[in-house]
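Trainee: Encoded as structure tokens, here's the structure I'll be asking about.
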Amino acid sequence: MIDPLLGESTVLITGANHGIGAASARAFAGQGAKVFLAYYRVPAGLLDHELEHARESGVAGDALYRAGQQTSGETIVDDIHASGGRAFAHESDLENSDSATGLFDLCEKALGPVDILVLNHAHCVAETFDPARSAESDGEPYMISVDEMDLHHSINVRAGALMIAEYARRFVARNARNGRVVIVSTDAASAHVANVSYAASKHALESYARSAAVELGKYGITVNVVAPGPTQTGYITSENESALVRHIPLGRLGTPDDIADVIVFLASEQARWLTGQLIYAGGGSRMPQ
């Protein structure tokens, strides 16, 4: 039997109240790790009864995804506690540059020093350079703007880099070994049509990850990136699913649990010789050249 040796670890996961983040929190807890869930509920842009209808119907699409984003981290904590695990949740807006220090302070107080950092949070508003693609109607990308460029950078890039730096500073100060940083990115090709700021921010974070892998290796810290393929976190409609599955050799969409298992592996003892790697987890939907 393979033992990932995670039972004594403390894991801090961002974006942990729904989708891949919540699945990762449950997966780590299932291995005996203590889990700190950081999350932020963005304004849904829908009325309460619309969100409730989306939850009750379970029909995939934008409304169901937004409803999932409104889940409280305490809901996931309750699930973990019910299964005998240890977890703690805190809502924090990562646009605030001071949030990294605060999250690590809270985690240390509640569960102990962070051994494993999982950066799963993301800000995503579809933007385009093409005036012909831009429209004011729902579901269409907006023309690229200063405000959204800054939000994508501050939340996806700056916050991620500051979290890695805070993790490294504390890890080295306590003379710890065998650290893990896992970053969730995207498997979009180098050109991400109609989602340009999101894609650029994720690629920038991947660059930070490679630099961190080189610089932090001497401290026993590995840094790796997971790039999920089409994963059903509530937003993929049945019509889009049919089109996507045609390009997935394994013949189905991914689930949050599929990605969570890859994240747990990269944090495990068995992944001790992997660092600076980008792992495409998409059922073969994209393969490195």
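The values are calculated or read from the model by the stated rules, or taken from the named source; none is laboratory data. In this text, all values refer to a predicted model and were calculated from it rather than measured experimentally. Neighbour counts are summed over all protein chains in view; Cβ atoms, including those assigned to glycine, are modelled from backbone coordinates with ideal geometry. These area figures cover heavy atoms from the full protein model, side chains too; ligands, DNA and RNA do not enter into them. Shrake-Rupley method; radii C 1.70, N 1.55, O 1.52, S 1.80 Å.
Trainee: Taking the residues in the stretch 215-227 that are of a type outside the set (Gly, Ala, Ser) and assigned to a helix (DSSP H, G or I) as candidates, determine which candidate is surrounded by the fewest Cβ atoms within 10 Å (Cβ to Cβ).
Mentor: Ranking the candidates gives LYS218 first.
Trainee: Of all the residues that make up the stretch 23-44, how many are farther than 14 Å from ALA89 by Cα, part of a loop (DSSP other than H, G, I, E, B) and out of contact with any helix residue (DSSP H, G or I) (no Cβ under 7 Å at 6 or more places or on another chain)?
Mentor: Residues in the stretch 23-44 being farther than 14 Å from ALA89 by Cα, part of a loop (DSSP other than H, G, I, E, B) and out of contact with any helix residue (DSSP H, G or I) (no Cβ under 7 Å at 6 or more places or on another chain): 3 in total.
Trainee: Same structure again: GLY251: open to solvent by less than 50 Å² (accessible area, probe 1.4 Å), part of a loop (DSSP other than H, G, I, E, B), modelled with pLDDT of 95 or more and not aliphatic (A, V, I, L, M), yes or no?
Mentor: Considered against the rule, which asks whether it is open to solvent by less than 50 Å² (accessible area, probe 1.4 Å), part of a loop (DSSP other than H, G, I, E, B), modelled with pLDDT of 95 or more and not aliphatic (A, V, I, L, M), GLY251 comes out as yes.
Trainee: Mind checking which residues of the stretch 118-177 are touching a residue at least 60 places away in the same chain (Cβ under 8 Å), closer than 28 Å to GLY68 by Cβ and of a type in the set (A, V, I, L, M, F, W, C)?
Mentor: VAL118, LEU119, ALA122, CYS124, VAL125, ALA126, ILE155, ALA159, LEU162, MET163
Trainee: Looking at the stretch 81-99, which of the residues that are in contact (Cβ under 8 Å) with a residue 12 or more places away in the chain and under 23 Å from GLU8 (Cα atoms) is farthest from the chain's Cα centre (by Cα)?
Mentor: SER83
Trainee: Being assigned to a helix (DSSP H, G or I), in contact with a Ser or Thr (Cβ under 9 Å, 6 or more places away or on another chain) and more than 17 Å from VAL35 (Cα to Cα), is that true of even one residue in the stretch 77-95?
Mentor: Looking through the stretch 77-95, none of the residues is assigned to a helix (DSSP H, G or I), in contact with a Ser or Thr (Cβ under 9 Å, 6 or more places away or on another chain) and more than 17 Å from VAL35 (Cα to Cα).
Trainee: Quickly run through the stretch 9-22 and pick out the residues that are within 14 Å of VAL182 (Cβ to Cβ), within 14 Å of the chain's Cα centre (by Cα) and either of a type in the set (A, V, I, L, M) or assigned to a loop (DSSP other than H, G, I, E, B) (or both).
Mentor: Correct list: VAL11, LEU12, ILE13, GLY15, ALA16, ILE20.
Trainee: Still on this model: Would you tally the residues in the stretch 5-15 being open to solvent by less than 20 Å² (accessible area, probe 1.4 Å) and out of contact with any His (no Cβ under 8 Å at 6 or more places or on another chain)?
Mentor: So the count comes out to 6.
Trainee: Return the only residue of ASP105, ASP115 being open to solvent by 10 Å² or more (accessible area, probe 1.4 Å) and either within 18 Å of the chain's Cα centre (by Cα) or hydroxyl-bearing (Ser, Thr, Tyr) (or both).
Mentor: Only one candidate passes the filter, namely ASP115.
Trainee: OK, next. May I ask you to list the residues in the stretch 16-44 that are of a type in the set (Ser, Thr, Tyr) and open to solvent by 10 Å² or more (accessible area, probe 1.4 Å)?
Mentor: Within the stretch 16-44, TYR39, TYR40 qualify.
Trainee: Another question, then. Can you confirm whether the stretch 228-244 contains a residue that is in a helix (DSSP H, G or I), more than 27 Å from ASP62 (Cβ to Cβ) and open to solvent by 70 Å² or more (accessible area, probe 1.4 Å)?
Mentor: Taking every residue of the stretch 228-244 in turn, none turns out to be in a helix (DSSP H, G or I), more than 27 Å from ASP62 (Cβ to Cβ) and open to solvent by 70 Å² or more (accessible area, probe 1.4 Å).
Trainee: Please enumerate the residues belonging to the stretch 189-214 that are surrounded by fewer than 20 Cβ atoms within 10 Å (Cβ to Cβ) and without any contact (Cβ under 8 Å) to a residue 24 or more places away in the chain.
Mentor: SER190, ALA191, HIS192, HIS203, SER207, SER211
Trainee: If we keep just the residues of the stretch 61-71 that are open to solvent by 30 Å² or more (accessible area, probe 1.4 Å) and of a type outside the set (Asp, Glu), which is farthest from HIS18 (Cα to Cα)?
Mentor: ALA63
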